[in-house]
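Before I ask anything, let me first share the structure, which is written out below as C-alpha coordinates.
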Amino acid sequence: MRKLIAGNWKMNGLRADGLALARALVARAAAGDPPDCALAICPPTTLLLPIADTLRGSGIALGAQDCHPEVKGAHTGDISATMLKDAGCSYVIVGHSERRADHGETDALVRAKAAAAHTAGLVPILCVGETLAERDAGETLSVVRRQFEGSVPEDLKASEIAIAYEPVWAIGTGRTATTAQVAEVHASIRELLEARVRDGADVPILYGGSVKPSNAIELLGVANVDGALVGGASLNAADFWAIAQACP
Ligand code: PGA
(Lines give C-alpha, C1' and ligand atoms only; values in the text may rest on other atoms or scores of the structure.)
Protein backbone atom coordinates (compact mmCIF):
# COMPACT_ATOMS: atom_id res chain seq x y z
CA MET A 1 0.00 0.00 0.00
CA ARG A 2 1.10 3.60 -0.55
CA LYS A 3 2.62 4.90 2.65
CA LEU A 4 1.33 7.97 4.51
CA ILE A 5 3.71 10.47 6.07
CA ALA A 6 1.85 12.85 8.37
CA GLY A 7 3.37 15.81 10.21
CA ASN A 8 2.04 16.60 13.67
CA TRP A 9 3.06 20.18 14.40
CA LYS A 10 1.53 20.06 17.90
CA MET A 11 1.30 23.51 19.55
CA ASN A 12 3.92 25.07 17.30
CA GLY A 13 3.64 27.73 14.66
CA LEU A 14 2.59 31.35 14.43
CA ARG A 15 1.28 32.70 11.15
CA ALA A 16 4.65 33.70 9.73
CA ASP A 17 6.62 30.54 10.41
CA GLY A 18 3.67 28.14 9.93
CA LEU A 19 2.84 29.56 6.52
CA ALA A 20 6.51 29.62 5.55
CA LEU A 21 6.81 25.94 6.44
CA ALA A 22 3.69 25.02 4.46
CA ARG A 23 4.93 27.05 1.48
CA ALA A 24 8.32 25.36 1.64
CA LEU A 25 6.64 21.95 1.44
CA VAL A 26 4.44 23.05 -1.46
CA ALA A 27 7.52 24.34 -3.28
CA ARG A 28 9.21 20.97 -2.86
CA ALA A 29 6.11 19.15 -4.09
CA ALA A 30 6.03 21.38 -7.16
CA ALA A 31 9.74 21.01 -7.86
CA GLY A 32 9.39 17.51 -9.28
CA ASP A 33 10.66 14.20 -7.95
CA PRO A 34 7.79 13.93 -5.43
CA PRO A 35 8.14 11.18 -2.83
CA ASP A 36 6.23 8.00 -3.50
CA CYS A 37 3.83 8.40 -0.56
CA ALA A 38 0.79 10.34 0.57
CA LEU A 39 1.60 13.46 2.60
CA ALA A 40 -0.38 15.30 5.23
CA ILE A 41 0.39 18.07 7.70
CA CYS A 42 -1.53 18.76 10.91
CA PRO A 43 -0.90 22.38 11.97
CA PRO A 44 -2.48 24.02 15.01
CA THR A 45 -6.12 25.02 14.57
CA THR A 46 -5.39 28.73 14.15
CA LEU A 47 -3.44 27.98 10.96
CA LEU A 48 -5.81 25.51 9.30
CA LEU A 49 -7.67 28.02 7.13
CA PRO A 50 -4.68 29.86 5.67
CA ILE A 51 -2.72 26.64 5.21
CA ALA A 52 -5.70 25.03 3.45
CA ASP A 53 -5.30 27.81 0.86
CA THR A 54 -1.55 27.30 0.67
CA LEU A 55 -1.89 23.55 0.11
CA ARG A 56 -4.65 23.70 -2.51
CA GLY A 57 -3.61 21.76 -5.61
CA SER A 58 -0.29 20.66 -4.08
CA GLY A 59 -1.27 17.07 -3.33
CA ILE A 60 -0.41 17.61 0.36
CA ALA A 61 -3.42 16.95 2.56
CA LEU A 62 -4.45 18.92 5.63
CA GLY A 63 -5.21 17.42 9.03
CA ALA A 64 -6.12 18.65 12.49
CA GLN A 65 -4.86 17.46 15.87
CA ASP A 66 -8.11 16.81 17.74
CA CYS A 67 -11.88 17.16 17.44
CA HIS A 68 -14.91 17.15 19.70
CA PRO A 69 -17.30 14.19 19.45
CA GLU A 70 -20.37 16.40 18.91
CA VAL A 71 -21.18 18.21 15.67
CA LYS A 72 -21.96 21.54 17.37
CA GLY A 73 -23.32 23.04 20.54
CA ALA A 74 -22.42 24.43 23.95
CA HIS A 75 -18.79 23.27 24.19
CA THR A 76 -16.74 26.41 24.74
CA GLY A 77 -13.31 26.23 23.20
CA ASP A 78 -13.89 22.99 21.32
CA ILE A 79 -13.85 22.38 17.56
CA SER A 80 -16.05 19.80 15.83
CA ALA A 81 -14.99 17.42 13.09
CA THR A 82 -17.57 19.06 10.84
CA MET A 83 -15.83 22.42 11.35
CA LEU A 84 -12.47 20.84 10.51
CA LYS A 85 -13.90 19.35 7.33
CA ASP A 86 -15.34 22.76 6.50
CA ALA A 87 -11.88 24.30 7.03
CA GLY A 88 -10.39 21.99 4.42
CA CYS A 89 -9.13 19.05 6.49
CA SER A 90 -9.04 15.45 5.29
CA TYR A 91 -7.55 13.95 8.45
CA VAL A 92 -7.73 14.45 12.20
CA ILE A 93 -5.44 12.94 14.83
CA VAL A 94 -7.43 11.46 17.72
CA GLY A 95 -6.24 9.89 20.96
CA HIS A 96 -2.71 11.26 20.85
CA SER A 97 -0.93 10.31 24.08
CA GLU A 98 -0.43 14.00 24.91
CA ARG A 99 -4.20 14.47 24.86
CA ARG A 100 -4.80 11.24 26.75
CA ALA A 101 -2.35 12.50 29.41
CA ASP A 102 -3.00 16.27 29.43
CA HIS A 103 -6.78 16.09 29.07
CA GLY A 104 -7.57 12.71 30.61
CA GLU A 105 -8.99 11.38 27.35
CA THR A 106 -10.38 7.86 27.75
CA ASP A 107 -10.65 5.15 25.12
CA ALA A 108 -14.41 5.71 25.01
CA LEU A 109 -13.95 9.42 24.30
CA VAL A 110 -11.35 8.69 21.62
CA ARG A 111 -13.73 6.26 20.02
CA ALA A 112 -16.51 8.88 19.98
CA LYS A 113 -14.10 11.39 18.41
CA ALA A 114 -13.04 8.88 15.75
CA ALA A 115 -16.68 8.11 14.97
CA ALA A 116 -17.45 11.85 14.73
CA ALA A 117 -14.50 12.32 12.40
CA HIS A 118 -15.76 9.53 10.18
CA THR A 119 -19.28 10.95 10.12
CA ALA A 120 -17.86 14.33 9.10
CA GLY A 121 -15.96 12.75 6.22
CA LEU A 122 -12.51 12.89 7.82
CA VAL A 123 -10.06 10.03 8.22
CA PRO A 124 -9.10 9.70 11.90
CA ILE A 125 -5.44 8.94 12.62
CA LEU A 126 -6.03 7.09 15.87
CA CYS A 127 -3.05 6.85 18.23
CA VAL A 128 -2.22 4.05 20.61
CA GLY A 129 0.95 3.29 22.55
CA GLU A 130 2.36 2.22 25.87
CA THR A 131 4.28 4.18 28.51
CA LEU A 132 7.78 3.17 29.55
CA ALA A 133 6.45 1.71 32.82
CA GLU A 134 3.98 -0.42 30.84
CA ARG A 135 6.71 -1.63 28.49
CA ASP A 136 9.02 -2.43 31.38
CA ALA A 137 6.21 -4.40 33.01
CA GLY A 138 5.80 -6.48 29.84
CA GLU A 139 2.34 -5.01 29.21
CA THR A 140 2.90 -3.43 25.79
CA LEU A 141 0.71 -5.73 23.72
CA SER A 142 -2.08 -5.87 26.28
CA VAL A 143 -2.12 -2.07 26.64
CA VAL A 144 -2.22 -1.55 22.89
CA ARG A 145 -4.96 -4.17 22.56
CA ARG A 146 -7.03 -2.51 25.29
CA GLN A 147 -6.65 0.93 23.69
CA PHE A 148 -7.45 -0.48 20.25
CA GLU A 149 -10.54 -2.38 21.38
CA GLY A 150 -11.80 0.59 23.38
CA SER A 151 -11.15 3.31 20.85
CA VAL A 152 -11.46 1.98 17.28
CA PRO A 153 -15.03 2.27 15.99
CA GLU A 154 -16.62 -0.74 14.32
CA ASP A 155 -18.02 -0.81 10.79
CA LEU A 156 -15.31 1.26 9.15
CA LYS A 157 -13.70 0.42 5.84
CA ALA A 158 -9.94 0.34 5.36
CA SER A 159 -9.89 3.71 3.61
CA GLU A 160 -11.73 5.35 6.51
CA ILE A 161 -9.15 5.08 9.30
CA ALA A 162 -5.41 5.00 10.02
CA ILE A 163 -3.78 3.79 13.23
CA ALA A 164 -0.61 5.33 14.66
CA TYR A 165 1.50 3.26 17.04
CA GLU A 166 3.39 5.74 19.19
CA PRO A 167 5.25 4.38 22.20
CA VAL A 168 4.95 7.23 24.70
CA TRP A 169 8.59 6.85 25.77
CA ALA A 170 9.74 7.47 22.19
CA ILE A 171 7.80 10.70 21.63
CA GLY A 172 10.00 13.76 21.59
CA THR A 173 12.72 11.92 23.49
CA GLY A 174 15.09 11.06 20.66
CA ARG A 175 14.61 7.39 21.60
CA THR A 176 13.04 5.26 18.91
CA ALA A 177 11.67 1.79 19.30
CA THR A 178 13.87 -0.91 17.78
CA THR A 179 12.74 -2.44 14.53
CA ALA A 180 11.94 -5.67 16.40
CA GLN A 181 9.75 -3.78 18.90
CA VAL A 182 7.97 -1.94 16.08
CA ALA A 183 7.47 -5.14 14.07
CA GLU A 184 5.96 -6.95 17.05
CA VAL A 185 3.43 -4.24 17.91
CA HIS A 186 2.49 -3.52 14.29
CA ALA A 187 1.87 -7.23 13.64
CA SER A 188 -0.36 -7.33 16.69
CA ILE A 189 -2.29 -4.22 15.53
CA ARG A 190 -2.69 -5.82 12.09
CA GLU A 191 -4.32 -8.86 13.70
CA LEU A 192 -6.66 -6.61 15.67
CA LEU A 193 -7.52 -4.67 12.52
CA GLU A 194 -8.30 -7.81 10.57
CA ALA A 195 -10.73 -8.83 13.29
CA ARG A 196 -12.44 -5.43 13.53
CA VAL A 197 -12.25 -3.56 10.21
CA ARG A 198 -13.38 -4.71 6.79
CA ASP A 199 -10.21 -5.19 4.69
CA GLY A 200 -8.14 -4.66 7.85
CA ALA A 201 -5.04 -5.69 5.89
CA ASP A 202 -5.34 -2.41 3.98
CA VAL A 203 -5.57 -0.02 6.96
CA PRO A 204 -2.38 2.07 7.21
CA ILE A 205 -0.51 1.57 10.50
CA LEU A 206 1.87 4.49 11.07
CA TYR A 207 4.80 4.47 13.47
CA GLY A 208 5.45 7.60 15.52
CA GLY A 209 8.11 8.56 18.05
CA SER A 210 11.31 10.42 17.18
CA VAL A 211 11.15 9.58 13.48
CA LYS A 212 14.00 11.47 11.76
CA PRO A 213 15.70 11.40 8.38
CA SER A 214 18.45 9.25 9.93
CA ASN A 215 16.11 6.43 11.02
CA ALA A 216 13.26 6.74 8.51
CA ILE A 217 14.54 4.22 5.96
CA GLU A 218 14.97 1.58 8.66
CA LEU A 219 11.59 2.21 10.32
CA LEU A 220 9.63 2.49 7.07
CA GLY A 221 11.14 -0.81 5.95
CA VAL A 222 9.62 -2.78 8.86
CA ALA A 223 6.74 -5.13 8.02
CA ASN A 224 3.31 -3.54 8.59
CA VAL A 225 4.76 -0.03 8.89
CA ASP A 226 2.67 1.88 6.38
CA GLY A 227 3.91 5.34 7.16
CA ALA A 228 4.96 7.68 9.94
CA LEU A 229 3.44 10.26 12.25
CA VAL A 230 6.24 12.79 12.63
CA GLY A 231 6.35 15.39 15.39
CA GLY A 232 9.53 17.42 15.90
CA ALA A 233 11.07 16.63 12.52
CA SER A 234 7.91 17.81 10.72
CA LEU A 235 8.71 21.38 11.79
CA ASN A 236 11.64 21.44 9.40
CA ALA A 237 10.75 21.23 5.70
CA ALA A 238 14.00 19.54 4.68
CA ASP A 239 13.72 16.90 7.40
CA PHE A 240 10.06 16.19 6.73
CA TRP A 241 10.78 15.88 3.03
CA ALA A 242 13.73 13.57 3.64
CA ILE A 243 11.51 11.30 5.75
CA ALA A 244 8.91 11.22 2.95
CA GLN A 245 11.62 10.39 0.44
CA ALA A 246 12.67 7.45 2.58
CA CYS A 247 9.45 5.67 1.58
CA PRO A 248 10.47 2.61 -0.39
P1 PGA B 1 8.07 13.20 17.79
O2 PGA B 1 6.47 13.20 18.00
O3 PGA B 1 8.33 12.82 16.35
O4 PGA B 1 8.51 14.58 18.12
O5 PGA B 1 8.62 12.16 18.72
C6 PGA B 1 5.66 12.25 17.37
C7 PGA B 1 4.22 12.46 17.79
O8 PGA B 1 3.97 12.72 18.97
O9 PGA B 1 3.30 12.35 16.97
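Could you grab me the full set of residues in the stretch 61-90 that are surrounded by fewer than 22 Cβ atoms within 10 Å (Cβ to Cβ) and assigned to a strand (DSSP E or B)?
61, 68, 80
Over 22 Å from residue 190 (Cα atoms), modelled with pLDDT of 95 or more and surrounded by fewer than 16 Cβ atoms within 10 Å (Cβ to Cβ) - does that describe any residue in the stretch 142-152? Steps first, answer last, please.
Step one: of the stretch 142-152, the residues over 22 Å from residue 190 (Cα atoms) are none.
Scanning the stretch 142-152 turns up no residue that is over 22 Å from residue 190 (Cα atoms), modelled with pLDDT of 95 or more and surrounded by fewer than 16 Cβ atoms within 10 Å (Cβ to Cβ).
Return yes when residue 21 is aliphatic (A, V, I, L, M), in a helix (DSSP H, G or I), open to solvent by less than 30 Å² (accessible area, probe 1.4 Å) and within 16 Å of the ligand (Cβ to nearest atom) and no when it is not. First the steps, then the outcome.
Details: aliphatic (A, V, I, L, M): yes; in a helix (DSSP H, G or I): yes; open to solvent by less than 30 Å² (accessible area, probe 1.4 Å): yes; within 16 Å of the ligand (Cβ to nearest atom): yes.
It is true that residue 21 is aliphatic (A, V, I, L, M), in a helix (DSSP H, G or I), open to solvent by less than 30 Å² (accessible area, probe 1.4 Å) and within 16 Å of the ligand (Cβ to nearest atom).
Any idea which residue in the stretch 49-60 is nearest to residue 14 (Cα to Cα), counting only those that are touching a strand residue (DSSP E or B) at 6+ places or on another chain (Cβ under 9 Å) and outside any helix (DSSP H, G or I)?
My answer is 60.
Here's another thing I want to ask about it. Do any residues in the stretch 121-134 that are within 16 Å of residue 154 (Cα to Cα) and in a strand (DSSP E or B) have Cβ atoms under 6 Å from those of residues that are away from the ligand (no atom under 14 Å from the Cβ) and open to solvent by less than 10 Å² (accessible area, probe 1.4 Å), where the two are at least six apart or on different chains, and which pairs are they?
124/114; 124/117; 124/161; 126/114
Each row is one residue, and each column tells you yes or no for (1) closer than 23 Å to residue 225 by Cα; (2) open to solvent by less than 70 Å² (accessible area, probe 1.4 Å); (3) acidic (Asp, Glu).
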site: 36; (1), (2), (3): yes, no, yes
site: 93; (1), (2), (3): yes, yes, no
site: 97; (1), (2), (3): yes, yes, no
site: 109; (1), (2), (3): no, yes, no
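Next up: So, in the stretch 194-230, how many residues would count as being in contact with a Gly (Cβ under 6 Å, 6 or more places away or on another chain) and either in a loop (DSSP other than H, G, I, E, B) or of a type in the set (Ser, Thr, Tyr) (or both)? Lay out the reasoning, then the answer.
Initially, the stretch 194-230 is screened for residues in contact with a Gly (Cβ under 6 Å, 6 or more places away or on another chain), giving 194, 204, 206, 210, 229-230.
After this cut, where a residue has to be either in a loop (DSSP other than H, G, I, E, B) or of a type in the set (Ser, Thr, Tyr) (or both) as well, the list is 204, 210.
The number of residues fulfilling the criteria is 2.
The values are calculated or read from the model by the stated rules, or taken from the named source; none is laboratory data. Keep in mind that what you see is a predicted model, and the values were worked out from it rather than measured. Positions of Cβ are backbone-derived with ideal geometry, glycine not excepted, and every protein chain shown enters the neighbour counts. These accessible areas exclude ligands, DNA and RNA; they are computed on the full protein's heavy atoms, side chains included. Shrake-Rupley method; radii C 1.70, N 1.55, O 1.52, S 1.80 Å.
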